[in-house]
């Protein structure tokens, strides 16, 4: 009904939109919009997932050696010309096991000095690393050199993933199937 009443040549009035949606649908729709769109109450998606027999869970998943669930685990300081580990490193199991900390400056990777000029190539190469490869990194933490010489092991991070609830009842399962059909 909204698209029939309004369009690209006839805009709706902002102050009346929620009231019109409510008249065309249900009062609960306007209540939802007032609470979560106009208001500041975040949507509790878990309530909706539960209705359809889904759960949002933190799960351990494989990652590479340059990322964690929060994204890329490096940052650069143009003034100092350095590359360092970001807070994201705390979400990468391999680097945590090696004792790497946020703000550790990467001085060398496998004997090659890391600079802003060659960072894309060297860190891009790290993306290709596979478990079993021997690697050596020289880091600097608080003015002290730290040497990491190790064999790569699979890196993991944690991500929130939707899973089917094993205890979902028939109503939840049927509702999920109907929802996913669209």
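The values are calculated or read from the model by the stated rules, or taken from the named source; none is laboratory data. Here the structure is a predicted model, which is why all the values come from computation and not from measurement. Cβ atoms come from the backbone with ideal geometry, glycine included; neighbour counts cover every protein chain shown.
Before moving on, here are some points about what is shown:
- When 139, 152, 175, 171 are screened for being more than 27 Å from the chain's Cα centre (by Cα), in contact (Cβ under 8 Å) with a residue 12 or more places away in the chain and either more than 19 Å from residue 71 (Cβ to Cβ) or not assigned by TED's automatic domain parsing to the domain that holds residue 67 (or both), only 175 passes.
- Here is the figure for region 87-102: residues that are farther than 20 Å from residue 150 by Cα and either in contact with a helix residue (DSSP H, G or I) (Cβ under 9 Å, 6 or more places away or on another chain) or surrounded by fewer than 17 Cβ atoms within 10 Å (Cβ to Cβ) (or both) total 1.
- Among the candidates 45, 26, 6, residue that is free of Cβ contacts under 8 Å to residues at least 12 places away in the same chain and within 25 Å of the chain's Cα centre (by Cα): 45
- Residues within region 31-86 that are in a loop (DSSP other than H, G, I, E, B) and either surrounded by fewer than 12 Cβ atoms within 10 Å (Cβ to Cβ) or out of contact with any strand residue (DSSP E or B) (no Cβ under 8 Å at 6 or more places or on another chain) (or both), tallied: 12
- Residue under evaluation residue 20, criteria (1) under 27 Å from the mean Cα position of the chain (by Cα); (2) over 25 Å from residue 176 (Cα atoms); (3) in a helix (DSSP H, G or I), criterion not met: (1)
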